[in-house]
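One structure is given here, and the rest of the page talks about it.
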There are 2 protein chains.
Amino acid sequence: MVAERVRLIDVAREAGTSVSTVSRALNGSDLISPEVVAHVRAVAGELGYRADKRAQEFKLGRPLTVGVTVPDLTNPFFSEVLKGLAASARAGGYRLLIGESGEDPAEELRLVEELVDHSGALVLCSSRLTRSGLEKALALPVPVVCINRTVKNAGAVAIDYRAASRLLLEHLTGLGHRRVLYVGGPATSWSDGERRRTLRRTARSLDVTLDEMDGGWAGNHGYDAGPTVLSSRATAVITFNDLVGVGLLSWMHDNDVDVPAELSVASYDDIPIAAYARPPLTSLRNERARLGELAWEQLATRLAGNDWPRPDLLTPELVVRASTGPARRRARIRTS
Amino acid sequence: MVAERVRLIDVAREAGTSVSTVSRALNGSDLISPEVVAHVRAVAGELGYRADKRAQEFKLGRPLTVGVTVPDLTNPFFSEVLKGLAASARAGGYRLLIGESGEDPAEELRLVEELVDHSGALVLCSSRLTRSGLEKALALPVPVVCINRTVKNAGAVAIDYRAASRLLLEHLTGLGHRRVLYVGGPATSWSDGERRRTLRRTARSLDVTLDEMDGGWAGNHGYDAGPTVLSSRATAVITFNDLVGVGLLSWMHDNDVDVPAELSVASYDDIPIAAYARPPLTSLRNERARLGELAWEQLATRLAGNDWPRPDLLTPELVVRASTGPARRRARIRTS
DNA sequence: GTGCAGAGTGCAAACGATTGCAACCGATCG
DNA sequence: CGATCGGTTGCAATCGTTTGCACTCTGCAC
């Protein structure tokens with residue numbers, strides 16, 4: 001079934017004209033007679049001509065492809081960012097070359113180096129790159145946008161974690177919680193750092209005691225954190241993301257801990273599954289697809305030859321569900 | 001920060017040799033002296049030369065890119081297929097150009113036509129194309145592999161739904177269920193058709209009454225199906241996929257229906273969240289990443305000039321969790 | 001009838017890399 | 001000492017497309 005490619009020259013021969021004429025006819029140049037255009041178009045259609053985009057991009061010198069890296073394709077947060085980015089880029093005539101780093105900084109750097117050879121621009125989504133790796137990436141001869149990682153001399157789109165953390169903590173203090181535990185994410189994650197930083201700062205200003213522990217990004221990290229969480233003195237827990245949150249809820253369920261009566265759980269991201277957890281998880285909704293769209297807008301501005309726009313900050317919205325409730329009055333009696 | 005590209009000729013000039021020599025040195029040809037290779041490599045490194053892959057692919061004439069379509073990037077099933085595919089393709093020196101059709105056959109066709117111009121091969125993941133659309137795609141001048149949709153004259157990798165449906169139904173009949181309701185997926189989905197077909201056939205052989213209703217692919221579709229499911233006479237439900245299953249469980253929880261005492265729920269796919277639903281969802285585990293890998297293997301065989309290998313069929317494995325249990329003895333008393 | 005404008009067309013040179021072929025080198029052999 | 005040979009290197013063609021420029025041709029004005 002694999003047919004031979006039809007080239008411009010084949011169309012020209014068949015139409016009895018030159019390649020330049022065919023090219024112009026197909027690309028809609030104005031200095032060419034309408035009849036010829038019609039004829040060439042007809043012949044091209046008949047022969048099933050499709051321009052060799054590789055030759056085209058090569059000749060034109062400007063790649064119509066955007067390279068994107070994400071830490072983990074299976075994380076709904078990233079999928080949705082990609083969704084928004086893909087749609088916008090496509091509307092702008094660009095395509096997406098997607099690479100997954102597997103949460104590994106070294107692998108991400110390799111990926112970046114490879115993608116850049118094929119792309120006219122890069123989008124690093126929640127980059128796990130080290131400081132020096134990031135500098136290397138920014139020194140590449142293409143524009144780079146970072147999603148969820150602010151950086152100089154590049155495009156930047158991020159979630160406003162300062163506002164996010166404030167929303168979460170104010171909600172919890174409003175319910176009477178004075179001691180909160182944060183179950184962290186991957187150490188290489190910039191956004192985990194931001195969550196911690198802003199939580200600490202806000203906790204101080206709200207007179208809340210903030211404990212922290214290390215965690216991860218997936219359901220099992222939350223499940224495994226169960227015992228430690230239960231033995232802590234906190235009455236409320238904030239998890240790095242919903243996957244971790246749902247995993248934690250699941251452990252609590254298996255161990256007969258009543259959420260939210262005994263412990264409140266809240267999280268970042270509000271992925272669809274958060275609403276279907278039992279109890280449904282209180283979480284911070286962010287417009288992830290919008291994040292991708294904004295990244296594209298920044299890139300488009302830059303590709304048009306302008307300077308980088310100011311970083312975009314997206315303010316999340318707290319979705320209160322049944323996993324958070326009033327703080328229990330007395331210290332927990334049960335032991336793990 | 002956007003530097004000027006260094007070309008082969010720049011390296012040649014700097015190294016005091018010709019472009020051919022540089023090319024050969026960099027590509028490891030054997031008819032060139034080791035000292036020159038070392039020197040050229042050094043100069044290239046110094047200048048920060050990176051080959052223009054567009055020019056390279058153009059010249060070599062064989063695209064090193066695989067175009068992939070998926071109905072929905074945010075569905076974990078597809079993300080994991082992509083993960084496996086991306087890893088294998090990358091190992092084989094190929095990159096992935098990914099497009100999302102949004103579950104829309106017309107959009108998928110547009111996507112395919114666009115991707116093919118940039119790719120040397122196509123992978124259609126759970127294609128929603130119409131019969132004629134699919135024929136159009138297969139007529140394109142590149143090899144095509146279909147994941148989860150069998151087709152002639154193309155590569156094919158799919159899940160063995162016959163075995164899958166049998167595992168599910170045998171599990172349920174083993175628990176005493178004689179009447180089962182299937183909550184279906186998108187009408188455009190080939191795999192929904194397969195699930196229905198094999199369920200019907202197996203139900204007949206096991207003497208089980210199978211009811212069917214239309215559903216969808218996401219959590220809300222399952223949640224919305226709640227009332228209809230409850231009012232049916234079935235003692236067990238099989239849902240199109242886990243997202244639908246989790247949504248349904250969630251409705252049951254909200255409406256105080258005890259799963260599995262009053263109703264058993266089982267599903268296809270076993271995405272990670274299935275284990276964290278309450279009750280954890282009985283589901284059919286399939287090696288999704290393997291699906292992607294096998295698709296690549298088929299493609300690699302074909303790209304190497306051989307015929308298409310036989311279609312690969314992946315047999316799933318039933319993971320029994322707490323959402324399925326013995327059928328209740330008496331008819332349901334409660335009304336919706 | 002010659003000149004000239006302007007529209008329409010074709011020729012040929014790019015883009016950056018790879019690669020067949022010819023040219024060159026010093027050394028070895030007859 | 002010249003021919004030959006193996007090992008290196010450079011020249012130039014090539015991939016499919018776009019596009020600047022030169023050219024042809026028609027029609028109109030003088």
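Details
- Inter-chain Cβ neighbour count for B:272-283, averaged per residue, equals 5 (cutoff 10 Å, partner chain atoms only).
- Charged side chains reduced to their Cβ positions (Lys and Arg at +1, Asp and Glu at -1) give chain B a dipole of some 880 debye around its Cα centre.
- Exercise: per-residue mean of other protein chain Cβ atoms within 10 Å, A:58-66: 3
- Amide hydrogen neighbours beyond the local backbone of A:Thr239, cut-off 5 Å, H modeled: A:Val183, A:Ala266, A:Ser267, A:Tyr268
- The stretch B:118-171, relative contact order in percent, only Cα pairs under 8 angstrom and at least six apart counted: 29
- The charge dipole of the protein assembly as shown, taken about its Cα centre with unit charges on the Cβ of Lys, Arg, Asp and Glu (plus for the first two, minus for the last two), comes to roughly 800 debye.
- Pairs of Lys in the protein assembly as shown closer than 15 Å at Cα, counting only those 8 or more apart or on different chains: 6
- The relative contact order of chain A comes to 16 percent, based on Cα pairs under 8 Å that sit 6 or more residues apart.
- Inter-chain Cβ neighbour average for residues A:101-111, partner chain, 10 Å: 0
- Among A:16-27, A:313-324, the order from most to least packed when residues are scored by Cβ within 10 Å on average: A:313-324, A:16-27
- Normalising the Debye intensity of chain B to I(0), with uniform scatterers on Cα atoms only, and taking log10 at q = 0.11, 0.14 Å⁻¹ returns -0.76, -1.04.
- Helix-only [θ]222 nm of chain A, DSSP H runs n ≥ 4, -39500 (n - 2.57) each, per residue, nearest 500: -14000 deg cm²/dmol
- Taking one quarter of the surface of the convex hull spanned by the alpha-carbon atoms of the stretch B:1-130 gives a direction-averaged projected area of 10.6 nm².
- DSSP bridge analysis restricted to chain A gives an antiparallel fraction near 10%, rounded to the nearest 5.
- Over the protein assembly as shown - Rg/Rh using Cα atoms and the Kirkwood inverse-distance radius: 1.02
- Taking every DSSP beta bridge that has both ends in the protein assembly as shown, the antiparallel portion is near 10%.
- If R0 equals 56 Å, the separation of the Cβ atoms of B:Arg131 and A:Arg162 corresponds to a calculated FRET efficiency of about 0.55.
- With only Cα atoms counted, the stretch A:207-301 has Rg and Dmax values of 15.3, 54 Å.
- B:Pro260 sits among other residues whose Cβ lies under 13 Å from its own Cβ, and their net charge, with Lys and Arg +1 and Asp and Glu -1, is +1.
- Phi-derived couplings, Karplus 6.51 cos²θ - 1.76 cosθ + 1.60 at θ = phi - 60°, listed residue by residue for the stretch A:263-279: 8, 9, 10, 9, 7, 9, 3, 6, 6, x, 5, 4, 6, 9, 6, 10, x Hz, with x used for Gly and Pro.
- Ranked by the mean number of other Cβ atoms within 10 Å of their residues, highest first, the peptides B:233-243, A:240-250, A:138-148, A:262-272 fall in the order A:240-250, B:233-243, A:262-272, A:138-148.
- Antiparallel DSSP beta bridges within the stretch B:177-336, as percent of all bridges there, nearest 5: 15
- Calculated translational diffusion coefficient of the stretch B:8-51 (10 °C, 1.306 mPa s; Stokes-Einstein with Kirkwood radius over alpha-carbon pairs) equals 161 µm²/s.
Throughout, read-outs are computed from the coordinates displayed, never taken from laboratory work. Computed from a prediction, not measured in an experiment: that's the story for all the values here. Every residue, glycine among them, receives a Cβ derived from its backbone with ideal geometry; neighbour counts consider all protein chains shown.
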